[in-house]
Amino acid sequence: MGACTDSKVNRLRFKDHDFAAIADFGMVRNAVDAAKALGVDARVGNIFSADLF
């Protein structure tokens, strides 16, 4: 449903929050249903990435 990161980009845009805005589940459910109708195996979840240098 969304991708989050601890990079400075989110912290600047979302006032020090690492969790990005995500889609409404109803919209995601419609996308999953459409994918399944086309025979596509859709998976729903969140992803978190970290910047380590």
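Mind putting a number on the dipole of the chain about its Cα centre? Charges go on the C-beta only, +1 for Lys and Arg and -1 for Asp and Glu, and I need it in Debye to the nearest 20.
So the dipole magnitude of the chain works out to roughly 100 debye.
Using Cα-Cα distances under 8 Å and only pairs 6 or more residues apart, what relative contact order does the stretch 2-49 have, in percent?
Computed value for the stretch 2-49: 47 percent relative contact order.
Which order results if Arg13, Arg43 are arranged by neighbouring Cβ count within 10 Å, fewest first?
Arg43, Arg13
Starting from the Cα-Cα distance between Val44 and Val9, subtract it from 0.36 nm times their residue separation and give me the gain in nm to one decimal.
Gain in length upon complete extension: 10.2 nm.
Would you tally the net charge around Ala35, using a Cβ to Cβ cut-off of less than 14 Å, leaving Ala35 out, and scoring K and R as +1, D and E as -1?
+1
Could you work out the per residue convex hull volume over the alpha carbons of the chain, in cubic angstrom?
Given the Cα convex hull of the chain, per-residue volume reads 84 Å³.
Bear in mind that the values in this text are calculations on the coordinates, not laboratory data. Keep in mind that what you see is a predicted model, and the values were worked out from it rather than measured. Cβ: placed from backbone, ideal geometry, glycine included. Neighbour counts: every protein chain shown.
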